[in-house]
Amino acid sequence: MNAKNTKHVFITGGVVSSLGKGITAASIALLLKRRGYRVRIQKLDPYVNVDPGTMSPYEHGEVFVTDDGAETDLDLGHYERFADLACSKASNYTTGRIYQTVIERERRGDYLGKTVQVVPHITDEIKRAIRTLDGDDVDIAITEIGGTAGDIESLPFLEAIRQYRQEIGPRNGLFVHLTLVPYLRAAGELKTKPSQQSVGILREIGIIPDILVCRCEEPLEKEHFRKLAMFCNVRPELVIEELDVANTIYEVPLELAKQELDTYILEMLDLHVRDLKLDDWEDLIQRVVAKDKPKVEIAVVGKYIQLKDAYKSIYEALDHGAIANRVKLVIRQLDSEDIETGKVDVAEALAGVQGVLVPGGFGNRGIEGKIAAIRHAREHGIPFLGICLGMQCAVIEFARHVCGLAGANSAEFDAPGKATPHPVIHLMEEQKKVINLGGTMRLGAWPCELTAGSQAAAAYGAGSVRERHRHRYEFNNAYRDQFVAAGMTVAGTSPDGMLVEMIELGDHPWFVGCQFHPEFKSRPLAAHPLFREFVAAAARTLVKEA
Ligand code: GLN
């Protein structure tokens, strides 16, 4: 297949946001991949931020980081987890990024004095972003459009995909529209009108959806399928029901496959319908739903606890760890500020958990609560995993309470004119030289050499790994010898030995901190080694308790 023959699937959403378009897109990607096709996927986000890197987790959920250091929308996490597709800078474009490119071009004079307009210049730039998916090694490119049909800011994106499909022709591209069919409890009825109106909005701008995927809480009846097909102008078999799943989001691909969504997509794109193999995926669901598994409770001590999307990949990776260990995971979400302010007592808050995880973060809010939780885990032999800021807090805790360095802290938390006497975490001069141009953040995949004999090396079963980073501050090497003498192991470093990437404690069942974010590389069928071994260590304490 040549580059010109890359087929395109465009996924739009209607009626309301938060329908799970990312999960639907990721499920379609998985099914097409399992049919033997080479798939690439991207998300176009209509908001004006250049990327979600500067957005608060409260606004946007977690920032998902790719190997090439892009700070992206969390839907890319679904793409990577479901379909195991490596995402990159080409996998996420926003209105801001598109405009930035066009405006830079305008300043350089590339438009030769022409008036620069939304149509055609912005839409052309969007089409260029879509075209980056094309390639000799790509059979099917999937583009998910963020936002909801009818939003003002979505319009240029919808116009761009309309043009794109017009250019490549109907057998080379198709539109999938995800809508909501709400159930009105008082009337005891499912309502198709919002879907009809949403399709109407698309039709007005020249997009006629080929497939309608209907999110619903209650199963659709024959009559609903008929109505939706008739009034939304799609073939009845192309009205697909996507019911809320009972146990896990990983059931979605199986539900869509039962209705042969992938078969229809392939047929419409003139692609051969090859066999679909999902045995391992079915086995995965069986593991999730299996009853009578030992229950392992893990405390996640963070500051964005109220928002379920802020630590999305962490919760998913913990789930993968539980699936790999055949245990039932219970997550106890603890707000580190509540521990810090004394609203809850740390020993009470952590009573009965088998593991403590402290995730990444920025800023000093809740830091002392995290440090208290880590101290409790260290002193009571509770398995601990510290990620990025979580590792940095473990270093601070160890400095203060084991090395006797009173007031030790991260330079990130220095108040003006009041620097910590022991900046055990700091900004390195050496680090400033290697940090990627344009930002002060260490972003993307970096190599890490593991220390032979460490828990980390045992977990990975490897001598060196590549993991994704997103942080500014680093372990301060001036304190390294002192830490090691007091019993901390440097379990992983950059290949030149200069950057401490992993730490652990010897006289503890399992206590590991990593400067990177392992959660981004965990998969349901292949739990990340650190999460797998963390949950395994937590499960082992159950045996001891019994
Ligand atoms: N705030 C810390 C830093 O910048 C940790 C960042 C993180 O946890 N991702 O180094």
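Below is a table of values for the structure above.
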{"quantity": "Residue in region 57-70 that is aromatic (Phe, Trp, Tyr) and assigned to a loop (DSSP other than H, G, I, E, B) present", "calculated": "no"}
{"quantity": "Filter result for the condition that a residue is touching a residue at least 60 places away in the same chain (Cβ under 8 Å) and under 23 Å from residue 235 (Cα atoms), over 126, 207", "calculated": "207"}
{"quantity": "Test: residue 466 is within 15 Å of the ligand (Cβ to nearest atom) and either closer than 14 Å to residue 384 by Cβ or not in a helix (DSSP H, G or I) (or both)", "calculated": "no"}
{"quantity": "From the options 355, 360, residue that is within 12 Å of the ligand (Cβ to nearest atom), small (Gly, Ala, Ser) and either in contact with a Ser or Thr (Cβ under 8 Å, 6 or more places away or on another chain) or at negative phi (or both)", "calculated": "360"}
{"quantity": "Helices (runs of 4 or more DSSP H) (entirely within region 206-294) containing at least 1 residues that are closer than 30 Å to residue 160 by Cβ", "calculated": "222-232, 252-258, 261-268"}
{"quantity": "Residue match in region 335-342 (condition: within 18 Å of residue 511 (Cβ to Cβ) and either more than 16 Å from the ligand (Cβ to nearest atom) or under 22 Å from the mean Cα position of the chain (by Cα) (or both))", "calculated": "no"}
{"quantity": "Pair list, Cβ under 8 Å, 6 or more apart: region 185-197 residue under 12 Å from residue 15 (Cα atoms), other residue of a type in the set (D, E, K, R) and assigned to a helix (DSSP H, G or I)", "calculated": "192/227"}
{"quantity": "Selected residue (only one of 474, 412 is farther than 29 Å from residue 541 by Cα and surrounded by fewer than 20 Cβ atoms within 10 Å (Cβ to Cβ))", "calculated": "412"}
{"quantity": "Selection count where residues are within 16 Å of the ligand (Cβ to nearest atom) and touching a residue at least 60 places away in the same chain (Cβ under 8 Å), scope region 375-397", "calculated": "11"}
{"quantity": "Criterion: at pLDDT below 95 and either among the acidic types (Asp, Glu) or touching a strand residue (DSSP E or B) at 6+ places or on another chain (Cβ under 9 Å) (or both) - qualifying residue of 73, 139", "calculated": "73"}
{"quantity": "Members of region 406-429 found to be within 11 Å of the ligand (Cβ to nearest atom) and of a type in the set (S, T, N, Q), listed by number", "calculated": "410"}
{"quantity": "Test: residue in region 186-205 that is at pLDDT 95 or above and in a strand (DSSP E or B)", "calculated": "no"}
{"quantity": "Enumeration of residues in region 476-522 that are away from the ligand (no atom under 16 Å from the Cβ) and among the small types (Gly, Ala, Ser)", "calculated": "478, 485, 486, 487, 491, 492, 497, 506, 522"}
{"quantity": "The lone exception for residue 366 - which of (1) crowded, with 18+ Cβ neighbours inside 10 Å; (2) on the phi < 0 side of the Ramachandran plot it fails", "calculated": "(2)"}
{"quantity": "Lone qualifier among 20, 36 - being over 30 Å from residue 201 (Cβ atoms) and surrounded by fewer than 23 Cβ atoms within 10 Å (Cβ to Cβ)", "calculated": "36"}
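The values are calculated or read from the model by the stated rules, or taken from the named source; none is laboratory data. Small disclaimer: the values here were computed from a predicted structure and weren't measured. Note that each Cβ is placed from the backbone with ideal geometry, even for glycine, and that neighbours are counted across all protein chains shown.
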